[in-house]
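Only one structure is covered here, and it is reproduced in the block below.
The values are calculated or read from the model by the stated rules, or taken from the named source; none is laboratory data. No experiment lies behind these values; they were computed from the predicted model shown. Glycine also receives a Cβ, built like all others from the backbone with ideal geometry; neighbour counts cover every protein chain displayed. For accessibility, only protein heavy atoms count, side chains too; no ligands or nucleic acids. Shrake-Rupley method; radii C 1.70, N 1.55, O 1.52, S 1.80 Å.
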Amino acid sequence: MSLWEFANPVKFMALSGKVLPWVVGLTVLTLVPGMIWGFFFTPEAANFGNSVKIIYIHVPSAMMAINIWVMMLVTSLIWIVRRHHVSVRAAKAAALIGVTMTVIALITGAIWGEPMWGTYWAWDPRLTSFLILFLFYLGYMALWAAIENPDTAADLTSVLCIVGSVFALLSRYAVNFWNQGLHQGASLSMDKEEHVADVYYLPLLLCIAGFILLFVALVLIRTRTELRLVRLHRLEIRERMKDV
Amino acid sequence: MFDLGKYADAILSSWGITLALLIALVLVTWRRSVQVKKALHAAEQRASKNV
């Protein structure tokens, strides 16, 4: 069986319909305990005090904001190369989730920055590239909304997605590239000495898993809605043709 | 309510905004899904009657 079989909307709808209840269940089982653990049961950090509780929402949302754009890049490339409608519809479906994650990361980062850095905002490489990524998300959604022909919209938004990927990567690696600015390095690392202590790390991992699963559940629902819309538009056009 | 210390405002506002945005995203997604499903069902029924 080939992976490309699921590019067939009928097969995608059948498989996603079976998988979706499990994904929703797993989302609830990871996100709710992860958030409760992070908010209520983690100790104060020596240097950040209780503000460390903000990482349980800030880190997963920032990770998702970047990774959702990467997912959109992959699905857009699939559209450009193989013209599979499911893939470009999945990219479109992911955009609203991505922009929400970006807004959460920007707001929680600003709120955390005020007591820690003494300012809500600085033109730091990571923060600035993240703001540009947010604007790219808005541009991507606006482009879909502005163009009537879905194939043309898919082509143009896919190109925009490729261009915006530069900023998604910059958001992730800005700290490493420039080694300057207010934002610290990654909170999670394979290097045991670099990443945060286990007492914060484990609930953070659970929250990250919860955010990933929430994204998968939402993107499946939204892609299914997008595919239904395609079918609905076809039926409406057929009805209008009969009336004529 | 347990004591969040001097960062209480920052923590509560961050969590409040995040939860509000996530709940809004879920509701918008769910509502749109239900609306489109209903509209498609109605359109399919009309199409099958016309055949």
Which numbered condition A:Val196 misses (of (1) part of a helix (DSSP H, G or I); (2) more than 17 Å from A:Val86 (Cβ to Cβ)) = (1)
Test set (1) among the β-branched types (Val, Ile, Thr); (2) buried (at least 17 other Cβ atoms within 10 Å of the Cβ); (3) within 22 Å of the chain's Cα centre (by Cα) - A:Thr42 fails condition number = (3)
Is it true that B:Val34 is more than 8 Å from chain A (Cβ to nearest Cβ) and either modelled with pLDDT under 95 or under 18 Å from A:Tyr56 (Cα atoms) (or both)?
-> no
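Residues checked against (1) surrounded by 15 or more Cβ atoms within 10 Å (Cβ to Cβ); (2) modelled with pLDDT of 85 or more; (3) of a type in the set (Lys, Arg):
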position: A:Pro150; (1), (2), (3): yes, yes, no
position: A:Ala154; (1), (2), (3): yes, yes, no
position: A:Ile162; (1), (2), (3): no, yes, no
position: A:Ser165; (1), (2), (3): yes, yes, no
position: A:Gln180; (1), (2), (3): no, no, no
position: A:Tyr200; (1), (2), (3): yes, yes, no
position: A:Leu206; (1), (2), (3): yes, yes, no
position: A:Arg222; (1), (2), (3): yes, yes, yes
position: A:Asp243; (1), (2), (3): no, no, no
Just give me the residues in region A:224-236 being surrounded by 18 or more Cβ atoms within 10 Å (Cβ to Cβ) and touching a residue at least 12 places away in the same chain (Cβ under 8 Å), in sequence order.
-> A:Arg224, A:Thr225, A:Glu226, A:Leu227
Scanning region A:29-44 for residues that are under 15 Å from B:Asp3 (Cβ atoms) and assigned to a helix (DSSP H, G or I) gives A:Phe39, A:Phe40
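Please indicate, with yes or no, whether at least one residue in region A:110-117 is in a helix (DSSP H, G or I), more than 10 Å from chain B (Cβ to nearest Cβ) and in contact (Cβ under 8 Å) with a residue 40 or more places away in the chain. Show your work before the answer.
Residues of region A:110-117 in a helix (DSSP H, G or I): A:110-117.
From the residues that got through so far, the ones that are more than 10 Å from chain B (Cβ to nearest Cβ) too are A:117.
Now drop any that are not in contact (Cβ under 8 Å) with a residue 40 or more places away in the chain, which leaves A:117.
Yes, some residue in region A:110-117 is in a helix (DSSP H, G or I), more than 10 Å from chain B (Cβ to nearest Cβ) and in contact (Cβ under 8 Å) with a residue 40 or more places away in the chain.
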Which of the residues spanning region A:125-142 are open to solvent by less than 10 Å² (accessible area, probe 1.4 Å) and without any contact (Cβ under 8 Å) to a residue 60 or more places away in the chain?
-> A:Ser129
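Could you check, for region A:75-91, whether at least one of its residues is at the interface with chain B (Cβ under 9 Å from one of its Cβ atoms), within 21 Å of A:Phe215 (Cα to Cα) and either in contact with a strand residue (DSSP E or B) (Cβ under 8 Å, 6 or more places away or on another chain) or open to solvent by 10 Å² or more (accessible area, probe 1.4 Å) (or both)? Show your work before the answer.
First, pick out the residues of region A:75-91 that are at the interface with chain B (Cβ under 9 Å from one of its Cβ atoms): none.
No, because not a single residue in region A:75-91 is at the interface with chain B (Cβ under 9 Å from one of its Cβ atoms), within 21 Å of A:Phe215 (Cα to Cα) and either in contact with a strand residue (DSSP E or B) (Cβ under 8 Å, 6 or more places away or on another chain) or open to solvent by 10 Å² or more (accessible area, probe 1.4 Å) (or both).
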Quick one: A:Trp37 ticks every box in (1) in contact (Cβ under 8 Å) with a residue 60 or more places away in the chain; (2) within 24 Å of A:Phe134 (Cβ to Cβ); (3) open to solvent by 10 Å² or more (accessible area, probe 1.4 Å) bar one, so which box is it?
-> (2)
Starting from residues that are more than 10 Å from chain B (Cβ to nearest Cβ) and not in a helix (DSSP H, G or I), keep the ones in region A:45-72 and report whichever is least open to solvent (accessible area, probe 1.4 Å).
-> A:Ala45
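Being in a helix (DSSP H, G or I) and of a type in the set (Ser, Thr, Tyr) is the filter here; which residues of region A:118-147 pass it? Full working, then the answer.
Restricting attention to region A:118-147, the residues satisfying the condition of being in a helix (DSSP H, G or I) are A:125-146.
Hits for region A:118-147 are A:Thr128, A:Ser129, A:Tyr137, A:Tyr140.
Considering only region B:7-25, state which residues are more than 7 Å from every other protein chain (Cβ to nearest Cβ) and open to solvent by 30 Å² or more (accessible area, probe 1.4 Å).
First pass over region B:7-25, keeping only residues more than 7 Å from every other protein chain (Cβ to nearest Cβ): B:8-9, B:12, B:16, B:19-20, B:22-24.
B:Asp9, B:Leu12, B:Gly16, B:Leu19, B:Ala20, B:Ile23, B:Ala24, listed by residue number.
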